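The values are calculated or read from the model by the stated rules, or taken from the named source; none is laboratory data. Everything numeric in this text was worked out from a predicted model, so none of it was measured. Glycine also receives a Cβ, built like all others from the backbone with ideal geometry; neighbour counts cover every protein chain displayed. Side chains included, ligands, DNA and RNA excluded: accessible areas come from the protein's heavy atoms. Shrake-Rupley method; radii C 1.70, N 1.55, O 1.52, S 1.80 Å.
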Amino acid sequence: MSRLAVQPRAAVSSGPQLTVDLAAIGRNTARIAAATTGEVMAVVKADGFGHGAADVARTALAHGATRLGVTCLAEAWALLDAGLVAPILSWLNPVDADFATAAARDVEVAVPSLAHLAGVAAAAGRPRVHLHIDTGMARDGAEPSSWGALCRAARRAEQRGELEVVGVMGHLGCADDPDDACNALGRTRFAWAVDVARGAGLRPRDRHLAATAATLTDPRSHHTMSRIGAGLVGIDPSGTTDLEAAMTLTAPLVQVRRVRAGTAVGYGHAYRTPTATHLGLISLGYADGLPRIASGQAEVLVRGVRHPVVGRISMDQAVVDLGAEGADAGETVTVLGGPGAPSAAEWAAWAGTIEHEIVTGIGARVPRRTRAASYLRAIETGSRA
Ligand SMILES: *Cc1c(COP(=O)(O)O)cnc(C)c1O
């Protein structure tokens, strides 16, 4: 018999590891759901903001969310293939996306233009659609000048039995600052868009404008549903609510060496040790989501103490100045998340970006694990019962 046959099959990685705390995601969901009388759509695009789309979806649905939202249809297929059964809305698709399969698999799609409407109306299966108005970002969604025509064309398509308009959606550009005048404009435009849709004879049951920040700060934006992404995983762009981070990134020290003062570290010798010290190596680099631009600023946690990441962060590795005491190869370095360790917000500050980019940027080669796998099993069993 082959030796390979006796290898353990599901060995826990001894290398870098991303651990997701689903219980925290559950508590965040419940907290946000309690802030609105509307429904909560769990937005699990970009692999659930890097936390695992199916796991986040299942957890959110067990804690007050009733719908799922994604950008492209491929993300919707992944949820369906993982066994999720809640209604799914997909926005941001090309005009020739596979809307027939969307209809066949019961996935609702957003329509931001007449060209999209034509693509959806031509698809078999009478797709269910949410008309998407641009409420002031010059980004996704129909321009207000084209909204009336879009609504009338959608109504005609509905009367021909080609599709069914079930919703109207908008999105606020400045909701992270509740005082920004852009929010009032967005709310006004949205209310107008719903009126125009109704005037065209449409009866959109789902009317949704708010994402995490507006849901937490402005009930006037709530309508019948909120689309919540960042908040599920502990990010509150409005900075008003203490949500729980759900991600921990760790890596073992691959190697530790004692070096003299003046030792040059890494590419370009961007750092020289000012004193004799210990340098520890971790096998995480910018390909794994540690922003290279954070070189020279980032810190990590070793033995409960913060230590600087020194030299340039490489593609696959980074070096930690462990100081005079040092540490041993194999000891765990906490790079992100957990008591005392850098938060996503700190990494974001070091990299000149926002938390979203940090948590969605963890590379595919880092093994994922959910804390409380048993917790997830309990949810699964519960939702089947
Ligand atoms: C990502 C996204 C959301 C979720 O926003 P959060 O601020 O992460 O809650 C809602 N709506 C649209 C259109 C989005 O693209």
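What the table shows:
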| quantity | calculated |
| --- | --- |
| Residue identified as under 21 Å from residue 368 (Cα atoms), away from the ligand (no atom under 13 Å from the Cβ) and open to solvent by less than 10 Å² (accessible area, probe 1.4 Å) among 251, 245 | 251 |
| Residue selected from segment 43-56 under the condition within 14 Å of residue 230 (Cβ to Cβ) and in a loop (DSSP other than H, G, I, E, B), by the criterion farthest from the ligand (Cβ to nearest atom) | 51 |
| Pairs where the first residue, in segment 169-180, is in the same structural domain as residue 40 (by TED's automatic domain parsing) and within 18 Å of residue 131 (Cα to Cα) and the second is outside any loop (DSSP other than H, G, I, E, B) and open to solvent by 60 Å² or more (accessible area, probe 1.4 Å), C-beta under 8 Å, 6+ apart | 170/189 |
| So residue 59, is it in a helix (DSSP H, G or I) and either touching a residue at least 60 places away in the same chain (Cβ under 8 Å) or polar (S, T, N, Q) (or both) | yes |
| Which listed residue is free of Cβ contacts under 8 Å to residues at least 60 places away in the same chain and within 22 Å of residue 31 (Cβ to Cβ), from 261, 214, 230 | 214 |
| Index of the failed condition, residue 84 passing every other in (1) of a type in the set (A, V, I, L, M, F, W, C); (2) within 16 Å of the ligand (Cβ to nearest atom); (3) part of a loop (DSSP other than H, G, I, E, B) | (2) |
| Qualifying residue in segment 65-76 (condition: part of a helix (DSSP H, G or I), outside the structural domain of residue 289 (by TED's automatic domain parsing) and surrounded by fewer than 19 Cβ atoms within 10 Å (Cβ to Cβ)) | yes |
| Matching residues in segment 220-239 - criterion: being part of a strand (DSSP E or B) and farther than 14 Å from residue 49 by Cα | 225, 226 |
| Leading residue by the ranking (farthest from residue 356 (Cα to Cα)) among those in segment 240-251 that are outside any loop (DSSP other than H, G, I, E, B) and among the polar types (S, T, N, Q) | 250 |
| Count - residues of segment 195-219 that are open to solvent by 10 Å² or more (accessible area, probe 1.4 Å) and either away from the ligand (no atom under 12 Å from the Cβ) or part of a loop (DSSP other than H, G, I, E, B) (or both) | 12 |
| Checklist (1) small (Gly, Ala, Ser); (2) within 11 Å of the ligand (Cβ to nearest atom); (3) assigned by TED's automatic domain parsing to the domain that holds residue 138 applied to residue 238, failing item | (3) |
| Test: residue 224 is within 16 Å of the ligand (Cβ to nearest atom), touching a Gly at 6+ places or on another chain (Cβ under 7 Å) and either at pLDDT below 95 or over 27 Å from residue 146 (Cβ atoms) (or both) | no |
| Filtered residues of segment 135-158 (kept if open to solvent by 10 Å² or more (accessible area, probe 1.4 Å) and in contact with a helix residue (DSSP H, G or I) (Cβ under 8 Å, 6 or more places away or on another chain)) | 136, 144, 146, 148, 149, 153 |
| Selection count where residues are assigned to a loop (DSSP other than H, G, I, E, B) and within 16 Å of the ligand (Cβ to nearest atom), scope segment 179-194 | 1 |
